[in-house]
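Heads up: the structure comes next, in structure tokens.
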Amino acid sequence: MAIASPSSSLHSLHRSSLFAKCPRLFRNSRFPPRLRFSPSICATSAIALQPDLKSERNQTLEGDLFSCPICYEPLIRKGPPGLNLQAIYRSGFKCRKCDKTYSSKDNYLDLTVIAGLKDYTEVKPASTELFRSPFVSFLYERGWRQNFSRSGFPGPDEEFQMAQEYFKTVEGGLLVDVSCGSGLFSRKFAKSGTYSGVIALDFSENMLRQSYDFIKKDDTILTSNLALVRADVSRLPFASGSVDAVHAGAAIHCWPSPSNAVAEISRILRSGGVFVGTTFLRYTSSTPLIGRVLRQRILQSYSYLTEEEIEDVCTSCGLTNYTSKVEQSFIMFSAQKP
Ligand SMILES: C[S@@+](CC[C@H](N)C(=O)[O-])C[C@H]1O[C@@H](n2cnc3c(N)ncnc32)[C@H](O)[C@@H]1O
């Protein structure tokens, strides 16, 4: 989708401004947006964009929640307002600084650095590539995920309730479900009505297509403030300090660099924002030495961490109030942006 360039500089519009300008963004939310940026910035942006808006009936051109994955400048958006699937699908996004456009494909918005590239194909490590397969994406909620219970995962309903407890202090905020897979938890977060918006984000195109197939079966979710976004966890398309909650279910062990990913998560969280993650531990304190050595060898293409390593990474990325619950190889942990 082509986007008209604004004639002068565009700055970030804060969410309360969006609420005033486009209340439909928060139509399905019980919560008003939080104030975060200075009103003067918003006024400047609105004035700068006036000329472009004149000929655009029923269209908006606005700063949005999304940032360019290359330079992190807020993306200019042209299209209907809102964070629901239909509004995002019909919108085009552009980075004024990089002069790069981003649009939706198959119902998800592609905000990867490689979006739209013609000649370059990125091949990620096996732990990422595996989930790009249509076969694995199809099977994921049809048996694959259920197997996690053998390692101590309590199951999606209980994991969701546990995560909701950790997210109590950020209710009403924007939640990003990083590495959402087929959207198992994103759908639960969206349906709960607890958040002003939910962004289901994954690198796998097929997982996102599968997410859409599940979402469209439930009208309440389909029309909620839920967006599907393709992005790399090491390059999150959000401004620093713009997100209230980040969830990453069963994901850290699949990330090419857990430390880069947690650094990104820490960057996008606002002060007081909460990160909740689950993963398989490499071993626990009760695993015998021989078991530790074997697991280390067998699982080397994945980033299975120990409890200590997870806490270390979170802390070194500036997160505090680290807590965790462990059951066999399953760990759910939370950490907060000070
Ligand atoms: C085991 S699935 C977890 C799905 C879901 N969150 C859950 O709790 O069941 C791991 C997900 O991590 C995603 N992933 C792997 N590498 C990624 C990356 N670099 N950026 C974003 N997501 C990635 C995969 O595509 C896959 O969907």
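Exactly one residue among SER137, SER133 is within 20 Å of ALA231 (Cβ to Cβ), crowded, with 19+ Cβ neighbours inside 10 Å and among the small types (Gly, Ala, Ser), and that residue is SER137. Can you spot a residue in the range 209-221 that is within 16 Å of the ligand (Cβ to nearest atom) and acidic (Asp, Glu)? Yes: the range 209-221 contains one or more residues that are within 16 Å of the ligand (Cβ to nearest atom) and acidic (Asp, Glu). Which count do you get for residues in the range 135-154 that are more than 11 Å from the ligand (Cβ to nearest atom) and either at positive phi or within 21 Å of the chain's Cα centre (by Cα) (or both)? Qualifying residue count, the range 135-154: 3.
Determine if the range 174-185 includes at least one residue that is more than 19 Å from ALA115 (Cα to Cα), away from the ligand (no atom under 16 Å from the Cβ) and either charged (D, E, K, R) or in contact with a Ser or Thr (Cβ under 8 Å, 6 or more places away or on another chain) (or both). The answer is yes, given that some residue of the range 174-185 is more than 19 Å from ALA115 (Cα to Cα), away from the ligand (no atom under 16 Å from the Cβ) and either charged (D, E, K, R) or in contact with a Ser or Thr (Cβ under 8 Å, 6 or more places away or on another chain) (or both). Taken together, the residues in the range 176-201 that are part of a strand (DSSP E or B) and more than 17 Å from TYR89 (Cβ to Cβ) amount to 3. In the range 304-326, of all residues being among the hydroxyl-bearing types (Ser, Thr, Tyr) and part of a helix (DSSP H, G or I), the one that is nearest to MET162 (Cα to Cα) corresponds to THR315. Can you pull out every residue in the range 191-208 that is more than 10 Å from the ligand (Cβ to nearest atom) and more than 13 Å from the chain's Cα centre (by Cα)? LYS191, SER192, GLY193, THR194, TYR195, SER196, listed by residue number. Within the range 226-245, being more than 11 Å from the ligand (Cβ to nearest atom), part of a loop (DSSP other than H, G, I, E, B) and under 9 Å from the mean Cα position of the chain (by Cα) holds for one residue alone: PRO237.
For the range 182-196, taking the residues that are more than 18 Å from TYR108 (Cα to Cα) and hydroxyl-bearing (Ser, Thr, Tyr), the one that is surrounded by the fewest Cβ atoms within 10 Å (Cβ to Cβ) is identified as SER192. Residues that are in a strand (DSSP E or B), buried (at least 20 other Cβ atoms within 10 Å of the Cβ) and more than 14 Å from the ligand (Cβ to nearest atom) within the range 246-270 comprise just one, LEU269. When the residues of the range 155-173 are filtered to those that are within 15 Å of ILE199 (Cβ to Cβ) and of a type in the set (A, V, I, L, M, F, W, C), which remaining residue is farthest from the ligand (Cβ to nearest atom)? Among those that are within 15 Å of ILE199 (Cβ to Cβ) and of a type in the set (A, V, I, L, M, F, W, C), it is VAL170. Within the range 164-181, the set of residues being among the aliphatic types (A, V, I, L, M) and surrounded by fewer than 24 Cβ atoms within 10 Å (Cβ to Cβ) comprises VAL170 only.
Among PHE148, PHE131, which is the only one that is in a helix (DSSP H, G or I) and in contact with a Ser or Thr (Cβ under 6 Å, 6 or more places away or on another chain)? After ruling out the rest, the residue left standing is PHE131. Taking first residues from the range 265-285 that are within 18 Å of ILE331 (Cα to Cα) and partners that are surrounded by fewer than 21 Cβ atoms within 10 Å (Cβ to Cβ) and of a type in the set (Lys, Arg), the Cβ contacts under 8 Å between residues at least 6 apart in sequence or on separate chains come to ARG282/ARG292; ARG282/ARG295; TYR283/ARG292; TYR283/ARG295. The sole residue among ASP106, ASP119 that is surrounded by fewer than 17 Cβ atoms within 10 Å (Cβ to Cβ), without any contact (Cβ under 8 Å) to a residue 60 or more places away in the chain and not polar (S, T, N, Q) is ASP119.
Values quoted throughout were computed directly from the atomic coordinates according to the rules given, and no laboratory measurement underlies them. All figures in this text were calculated on a predicted structure; none of them were measured in a lab. Heads up, the Cβs are rebuilt from the backbone with ideal geometry, glycines too, and the neighbour counts pull from every protein chain shown.
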